[in-house]
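A.B. asks: If you scroll down you'll find the structure; I have some questions about it.
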Amino acid sequence: METRKIQTVGGGTYTVSLPKEWAESENCTAGTAVNLHTHIDGLLVIQTPESRTTPRNHVTLEVGNDDPAEIEQLLRAAYAAGVESVVLEVPDGYSDEQHRAIERVTRNLSGVTIAEETETQVTVQTLLDAGEVSVRQSVRQLQFVALSMHRDAMAALTTGTTSDRWGDRDEQADRLYAMIDRYFERGLARLDEIDSLGLTRPELFTLWGTANELERVADHAERIGTIADQLDGQPTGSIVTALEDIAQDVRTVVEDAVRVIIGDACVDTARQTLATRRAVRQQITSLDRQLFESGDADYRLTRALDSLARTAEHGGNIAEFGLRMAVRDGALTASETGTDEADTTSSTAETES
């Protein structure tokens, strides 16, 4: 980093000289036009139109006889990378399976459509504009979907109740996370994207990290639902009561942590959330021991209990994001930061899904 003084020229215009090494590396000379990006977090960034950091918005891919699953994977990767349009070329024409894979992607990703189609070429375009996207609201929706899945999964586990909306909500969770992930990626590469989203870089990172944890909450809800379908019979009354109490506390951990991130709760809620997570850990350990000692409980319940524990850890990780945010914004004094140090140092290693 270099420090330079701002100077004035005729008419009161402010100027600052550019580092010679940078100008030469970017082929800048007198008269070269550059782009100036001013950001809501106070940064001013200079970029040449041909900068090597400018992302590619349009790509052309020849997929030939690629497997439909590989075509779908390519399109999802392009979406996550922030590409605006992808031209898929197949000189010998598309098979029905390949075309169905393309249609499946456009159906399951937000704002994606088939813009143009010929016998040998399909253009897939993303029509979403960052100015029309609320990442914060999308995180709120993802939390609602993930916890709704969790409630239904636990109901299936403890009472045998099933829901025919399961698949739709799983796809909705994946769609919301994919969109947030896309705009996080674009925010890293495009200097104007952050401002269009109305966020600072730290805010976008915190929301993306929260979405990442919520996507795993949804995954564990799906896992619990799958376990429920495999049970030979329903658990006994005392175990059902214990599972329901733990599940309620786990959802509270996740819900309260997200409230802190999106601004609906203060830092004290994050601290209380981490305390609740510690209590949940103890409850799960106790029930796990009870299941082991009983000897007659279905072993699959232990797997469900593991998913409950991991869900609580993901919620706790979100609460830790809230604490970081509070420290960064000055909402947490130095004397208050010691309470949860032991709790926060080990949780990341415990949340592998």
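The values are calculated or read from the model by the stated rules, or taken from the named source; none is laboratory data. Model, not experiment: these values are computed from the prediction. Cβ: placed from backbone, ideal geometry, glycine included. Neighbour counts: every protein chain shown. Just so you know, the surface numbers come from the protein's heavy atoms only, side chains and all, with ligands and any DNA or RNA stripped out. Shrake-Rupley method; radii C 1.70, N 1.55, O 1.52, S 1.80 Å.
A.B. asks: Shape verdict for segment 188-307, please, from the Cα gyration tensor: rounded (a/c under 1.5), prolate (a/b greater than b/c) or oblate.
C.D. replies: Cα axes put segment 188-307 in the prolate bin.
A.B. asks: Where does the longest stretch of the chain lie that holds no trypsin sites (Lys or Arg not before Pro) found in a DSSP loop with 13 or fewer other Cβ atoms within 10 Å?
C.D. replies: 166-353
A.B. asks: So what's Rg/Rh here for segment 12-159, counting alpha carbon atoms and using the Kirkwood radius for Rh?
C.D. replies: 1.14
A.B. asks: Right, another one. Given the alpha-carbon gyration tensor of the chain, what are the semi-axes of its equivalent ellipsoid in whole angstrom, ordered largest first, with each equal to the square root of 5 times an eigenvalue?
C.D. replies: They are 44, 32, 14 Å, listed from largest to smallest.
A.B. asks: Restricting to the chain, what percent of DSSP beta bridges are antiparallel, rounded to 5?
C.D. replies: For the chain, the DSSP antiparallel bridge percentage is about 75.
A.B. asks: Given axes a ≥ b ≥ c from the Cα gyration tensor, I'd like to know whether segment 115-163 is rounded (a/c under 1.5), prolate (a/b larger than b/c) or oblate.
C.D. replies: oblate
A.B. asks: Using amide H atoms built in the peptide plane, which far-off residues or other-chain residues are under 5 Å from ARG190 H to H?
C.D. replies: Correct list: empty.
A.B. asks: Given a 1.4 Å probe and every protein chain left where it sits, what share in percent of the accessible area of the chain is carbon and sulfur?
C.D. replies: 47
A.B. asks: Continuing with the same structure: Between GLU119 and THR13, what length comes free when the chain is fully extended (0.36 nm per residue of separation minus the Cα-Cα distance, one decimal in nm)?
C.D. replies: Additional length available on full extension: 32.4 nm.
A.B. asks: Now for a different question. Could you give me D for segment 72-114, from Stokes-Einstein at 25 °C and 0.890 mPa s, where the hydrodynamic radius is the Kirkwood radius over C-alpha pairs? Units µm² s⁻¹, please.
C.D. replies: Translational diffusion coefficient: 224 µm²/s.
A.B. asks: How long is segment 1-85 along each principal axis, judged by its Cα atoms, biggest number first, in Å?
C.D. replies: For segment 1-85, the Cα spread along each principal axis is 63, 29, 25 Å.
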